[in-house]
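Worksheet for the structure shown next.
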Amino acid sequence: MVRLQDFNINEAFYATVLSNERITPDDATEEVREITLEIDKDDFSYELGQSIALLVPGPHEFGNEYHMRLYTIAEGGKSETGKPTITVCVKRCFFIDEISGDRFPGVASNYFCDCSPGDTVLLAGPYPSPFAMPPEDTANILMVGLGTGIAPFRAFIKHIYDVHGGWKGKVRLFHGAKTGLDMLYVNDKNDDLTHYYDQETFKAFEAVSPRPAFDAPVALDRAIEDNAEEVWNMMRDPDTYVYVAGQQNVAEMLDQAGARIAGSEDKWERRKTELKAGGRWAELLY
C-alpha cells in the first residue's frame, strides 16, 4: 500500500497558476476546480496518470514544514512561453472533528482552490502511478475509487483506450461520492467516462450517498454487491488486476462487501493475499 510518507519531496520546484476554473455548477454543494499550472523546471517530464505533490508552506501540526497532498495529472501541454503545463482537478474539502463536531477546511485543497492566476505554488514529483499497466491487453481490470480516488482511474482508462488503442479484457470501475456532483470527472463540463461507454469491454458503476444532506455514507459497497457474481468471478480469475484508490474508508467498504460476496472474511482475505502476492493488487490510500 502506498502512503504519503513514502514519497521523496527533496527536489521540490515552483509552478505558476495559469488558470483556476470551477467545473461543477455554481449552485452545487460540492466545489471541484480545474487548475492548470506552468512548471518552472527545465527537465520536467511526466506521463498522464502520474501524481504531483502540492507542498503547502507551514508551520503545521507536529512541527512539519510542509503539508503534502497528491494530485493526479489529468492533462498536459505547453504554455505560450514553451514551458510544460499540467492540469489537475481539486475538490474543496472539509473535515468534521469526531469529538467536537466542528467543521475545518482541508489544508491543501482550500489552499489550492483559493489560488489565483499568477500565484506560485511549490510542487514535488512527478511520482509513478502505483497502478501498473497489465502486461497483456487480455487481462481484466477491476477499479474501486471513492471521491477523489476516481482521478487516477480517469487517466488510466483514457490511456488503455486512447493511447494503447483498446482493451480486450474486462474493465470495470466502481466509483462513489456523497453526491453525483462529487464525481470530479463525471460532471456537466467534463463527462469523460461517457466517452468510453461504447467500448464493449468497459462498464462503470456509480454509487452516491442515499441521503447526502444527512451525511449518510456512500453506498459503494451496495454497488459492488449488486454486481456480486461478476466481481467475485473477476476476483477468482487468474488474469485479473485490482486497483483501489481514495480515502482509507474505501478499502474498508470494499472489504465489507468482499466478505459478503465471497461468503466469509477468510475467503476474501485469502483471495486478496493471493492477488497481492502475484502483484495484481495495488492501493493508493490517504
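Distant-in-sequence amide contacts of Met143, defined by a placed amide H-H separation under 5 Å and a gap of 5 or more residues or a different chain, comprise Arg172, Leu173, Phe174, Tyr243. Computed from phi, the 3J(HN,Hα) profile of region 164-175 under the Karplus parametrisation 6.51, -1.76, 1.60 (θ = phi - 60°) reads 5, x, x, 8, 8, x, 6, 10, 10, 10, 10, 9 Hz, with x in place of Gly and Pro. The GluC sites (Glu not before Pro) of region 51-112 that DSSP puts in a loop, and whose beta carbon has at most 12 other beta carbons within 10 Å, are Glu65, Glu80, Glu98. Between Phe13 and Glu252, the modelled label-to-label distance comes to 3.9 nm, taking each label 7 Å out from Cα in the direction of the beta carbon. Across region 82-88, computed HN-Hα scalar couplings (Karplus, 6.51 cos²θ - 1.76 cosθ + 1.60, θ = phi - 60°) run x, 7, x, 10, 9, 10, 10 Hz from first to last residue, x flagging Gly and Pro. Whole-Hz Karplus values for region 273-286 come out as 4, 5, 5, 5, 5, x, x, 10, 9, 9, 10, 10, 10, 9 Hz, taken residue by residue from phi with 6.51 cos²θ - 1.76 cosθ + 1.60 and θ = phi - 60°; glycine and proline positions read x. Pairs exceeding 28 Å between alpha-carbon atoms, taken from Lys83/Lys276; Lys170/Lys267; Lys41/Lys170; Lys78/Lys276; Lys83/Lys158; Lys83/Lys168: Lys83/Lys276; Lys41/Lys170; Lys78/Lys276; Lys83/Lys168. Under a model in which nothing but the beta-carbon of Lys, Arg (+1) and Asp, Glu (-1) is charged, region 245-286 shows a dipole of about 200 debye around its Cα centre.
Computed from the coordinates by the stated procedures, all read-outs in this text should not be read as laboratory data. Fair warning: this is a prediction, and the values are worked out from it, not measured in the lab. Virtual Cβ from ideal backbone geometry, glycine too; neighbours counted across all protein chains shown.
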